[in-house]
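Structure in structure tokens, see below.
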């Protein structure tokens, strides 16, 4: 029985990144031997075990054979006779197909922190993954790559995770061939959302969109988003060009700001309604906020989005235009906007929406460093409105009941905001940001 550190741990160490997870392959062992050694079985489809002490995953070396379409269309072969090289050959990218013998790992990890070049002899690298790390190249291991449609999403995610790496031309061709061959049609919801979510959390998530769009997979996975490429926008507000380009810039800004997954998904889908703008209205997009609802709901059903992600995406898509123009709204409209966001019950929701809107405003050519004063201004409006004593108003409204309480509370909040607006009238003039992204009526960033 021999054990090897494999995959992402080896890759990340060579890249100079912190190694968070250790994955291991075991060669020359049976499930019975692993159980006898105290390992705990956790694999459903093939033999994977947890170490009794470290709880790290140890998988028996295996090969796989394609027998049907999609992610589940494989049979696996895991026996003592399967070699390390055979196990590495089934992996997706060369940079993920390297291994280090377990007995060398402590010395290797210490060495690589000092001088990566000293570790050459310790790495088992049958497909030149180390060379591809140095060349900054995402290259498939072999023809088996094309058998698993999830790998389309994975390589797009790696492109977002490693923005200075390029995809090998032959690998890019295989991605397109897989899509044309119908492999992407068999992706399952759980894996799609898992890979999309991980891709959104990478340093350059726009690269994931670009890879999927270029190979044709985005038209299958997110057709609502794919149709944004080539759709023109008002050149005054959007000198960067089409909607797809803008969405990528917004998404990258959300990554730069360290936003949560929920905020990044909202940034991804905020302008999805522009893909169905009538041609006669272009390059403007009146009503795109309202059109987004049905499209986001369709995406949510298809890929089973978490409720928090779905809810925030809907709010941002519907309200981002009003928030960009918030300094031109009167007190009643401002209180109504805060209520639609559900800010009074969920203050964190307001912060998330403002983060997404700020990314939207910055995600335009020439605006990356531009401040977003609407955010602080609307926070102040919220503070004024939320200072109203709701409990005192509820007592005052007795015995009329809940609906009357709601009316009185709304009126009191409007009065409080009116007072704040009057006190801050000099600071309420529209600034260049509002004029840029709001002057076209419903046209917003």
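How many residues, within the stretch 252-287, are buried (at least 20 other Cβ atoms within 10 Å of the Cβ) and over 22 Å from residue 205 (Cβ atoms)?
The qualifying residues number 2.
So, in the stretch 303-315, of the ones that are in a helix (DSSP H, G or I) and out of contact with any helix residue (DSSP H, G or I) (no Cβ under 7 Å at 6 or more places or on another chain), which residue ends up surrounded by the fewest Cβ atoms within 10 Å (Cβ to Cβ)? Spell out how you get there, then give the answer.
Filtering the stretch 303-315 for residues in a helix (DSSP H, G or I) gives 303, 307-315.
From the residues that got through so far, the ones that are out of contact with any helix residue (DSSP H, G or I) (no Cβ under 7 Å at 6 or more places or on another chain) too are 307, 311.
Details: 307: 8, 311: 19.
Of everything passing the filter in the stretch 303-315, 307 is surrounded by the fewest Cβ atoms within 10 Å (Cβ to Cβ).
With the structure loaded, tell me whether residue 394 is at pLDDT 90 or above and not in a loop (DSSP other than H, G, I, E, B) or whether it fails that test. Break it down into steps so the answer makes sense when it comes.
Values: at pLDDT 90 or above: no; not in a loop (DSSP other than H, G, I, E, B): yes.
Answer is no for this residue.
State whether one or more residues within the stretch 38-48 are in contact with a helix residue (DSSP H, G or I) (Cβ under 8 Å, 6 or more places away or on another chain) and either in contact (Cβ under 8 Å) with a residue 60 or more places away in the chain or not assigned by TED's automatic domain parsing to the domain that holds residue 85 (or both).
To start, the set of residues in the stretch 38-48 that are in contact with a helix residue (DSSP H, G or I) (Cβ under 8 Å, 6 or more places away or on another chain) comprises 41, 47.
With either in contact (Cβ under 8 Å) with a residue 60 or more places away in the chain or not assigned by TED's automatic domain parsing to the domain that holds residue 85 (or both) added as a condition, the list becomes none.
Checking the stretch 38-48: not a single residue is in contact with a helix residue (DSSP H, G or I) (Cβ under 8 Å, 6 or more places away or on another chain) and either in contact (Cβ under 8 Å) with a residue 60 or more places away in the chain or not assigned by TED's automatic domain parsing to the domain that holds residue 85 (or both).
Please tell me if residue 295 is in a helix (DSSP H, G or I), surrounded by 18 or more Cβ atoms within 10 Å (Cβ to Cβ) and modelled with pLDDT of 95 or more.
Numbers: in a helix (DSSP H, G or I): yes; surrounded by 18 or more Cβ atoms within 10 Å (Cβ to Cβ): yes; modelled with pLDDT of 95 or more: yes.
Taking the combined requirement at face value, the residue satisfies it.
Determine the pairs where a residue that is assigned by TED's automatic domain parsing to the domain that holds residue 231, located within the stretch 286-307, has a partner that is modelled with pLDDT under 95 and in a loop (DSSP other than H, G, I, E, B) with Cβ atoms under 9 Å apart, the partner being 6 or more residues away or on another chain.
286/441; 286/442; 287/442; 288/442; 288/444; 289/442; 289/444
Might you let me know whether the stretch 402-413 holds any residue that is modelled with pLDDT of 85 or more, assigned to a helix (DSSP H, G or I) and loosely packed, with under 15 Cβ neighbours inside 10 Å?
The first filter runs over the stretch 402-413 and keeps only residues modelled with pLDDT of 85 or more, leaving 407-413.
Remaining after also requiring assigned to a helix (DSSP H, G or I): 407-413.
So of that shortlist, the ones also loosely packed, with under 15 Cβ neighbours inside 10 Å come out as 407, 411.
Within the stretch 402-413, one or more residues are modelled with pLDDT of 85 or more, assigned to a helix (DSSP H, G or I) and loosely packed, with under 15 Cβ neighbours inside 10 Å.
If you scan the stretch 326-343, which residues turn out to be assigned to a loop (DSSP other than H, G, I, E, B) and buried (at least 20 other Cβ atoms within 10 Å of the Cβ)?
Keep residues of the stretch 326-343 that are assigned to a loop (DSSP other than H, G, I, E, B), which gives 329-330, 342-343.
Hit for the stretch 326-343 is 343, nothing else.
Whether any residue in the stretch 227-250 is outside any helix (DSSP H, G or I) and under 22 Å from residue 305 (Cα atoms) is what I want to check. Working first, answer last.
Applying the first criterion (outside any helix (DSSP H, G or I)) to the stretch 227-250 yields 227-242.
Subsequent filtering for residues that are under 22 Å from residue 305 (Cα atoms) retains 227-228.
Yes, the stretch 227-250 contains a residue that is outside any helix (DSSP H, G or I) and under 22 Å from residue 305 (Cα atoms).
Name the residue that is surrounded by the most Cβ atoms within 10 Å (Cβ to Cβ), counting only residues in the stretch 32-76 that are at pLDDT below 90, touching a strand residue (DSSP E or B) at 6+ places or on another chain (Cβ under 7 Å) and over 25 Å from residue 98 (Cβ atoms).
73
The values are calculated or read from the model by the stated rules, or taken from the named source; none is laboratory data. All values reported here derive from a predicted model rather than from experimental measurement. Note that each Cβ is placed from the backbone with ideal geometry, even for glycine, and that neighbours are counted across all protein chains shown.
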